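Worksheet: the structure to be examined is printed underneath.
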Amino acid sequence: MKGAGTPAHPTGTEDTPATPGWVEDSLDRILASLPVAADKLASFRASYLDCLAGCGRTADLDRAHDACRQGFLRAVQDGLELDASTLRTLEQQLEQLELSISSEI
């Protein structure tokens, strides 16, 4: 899978704060709606969560979230070859999740 092992936004795991549990639950629901086996999504999920956790150290949270989402979508598109409609829906769902995260911080 091209791009699957590379985080969308580089972070250091030892100093990266964990994302709240509700974020992981929400992401799991979003990913479960994709027409892809869960095992194929595991590395994408981990990369996206790592990126989101790193956003907590960023002054411009909205820009950081946007970088996470765009990197994640590029990796998913390259690795899973989802159709355009599914990718648009995924992007909208991730934007909603990121808005929720921003409002909680």
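Being surrounded by 16 or more Cβ atoms within 10 Å (Cβ to Cβ), of a type in the set (D, E, K, R), at pLDDT below 90 and out of contact with any helix residue (DSSP H, G or I) (no Cβ under 6 Å at 6 or more places or on another chain): is that true of ASP62 here?
Against the criterion (surrounded by 16 or more Cβ atoms within 10 Å (Cβ to Cβ), of a type in the set (D, E, K, R), at pLDDT below 90 and out of contact with any helix residue (DSSP H, G or I) (no Cβ under 6 Å at 6 or more places or on another chain)), ASP62 does not qualify.
Give LEU52, LEU82 a once-over and let me know the one that is in a helix (DSSP H, G or I) and either under 18 Å from SER103 (Cα atoms) or among the hydrophobic types (A, V, I, L, M, F, W, C) (or both).
LEU52
Within the stretch 77-105, can you find the residues that are closer than 14 Å to LEU49 by Cα and β-branched (Val, Ile, Thr)?
Answer for the stretch 77-105, where residues must be closer than 14 Å to LEU49 by Cα and β-branched (Val, Ile, Thr): just ILE101.
Of the conditions (1) surrounded by fewer than 17 Cβ atoms within 10 Å (Cβ to Cβ); (2) more than 23 Å from ASP25 (Cβ to Cβ), GLY79 fails just one. Which one is it?
Failed condition: (1).
Is there any pair linking a residue in the stretch 67-79 that is at negative phi and part of a helix (DSSP H, G or I) to one that is surrounded by fewer than 16 Cβ atoms within 10 Å (Cβ to Cβ) and acidic (Asp, Glu), with Cβ under 9 Å and at least six apart or on different chains, and which?
Here the result reads ARG69/GLU91; ARG69/GLU95; GLN70/GLU91; LEU73/GLU91, each pair linking the stretch 67-79 to a residue that is surrounded by fewer than 16 Cβ atoms within 10 Å (Cβ to Cβ) and acidic (Asp, Glu).
For residues that are in contact with a Ser or Thr (Cβ under 8 Å, 6 or more places away or on another chain) and aliphatic (A, V, I, L, M), scanning just the stretch 24-51, find the one that is farthest from GLY71 (Cα to Cα).
Per the stated criteria, the residue is LEU34.
The values are calculated or read from the model by the stated rules, or taken from the named source; none is laboratory data. All values derive from a computational prediction rather than experimental measurement. For neighbour counting, all protein chains shown are included, and Cβ atoms are generated from backbone atoms with ideal geometry for every residue, glycine included.
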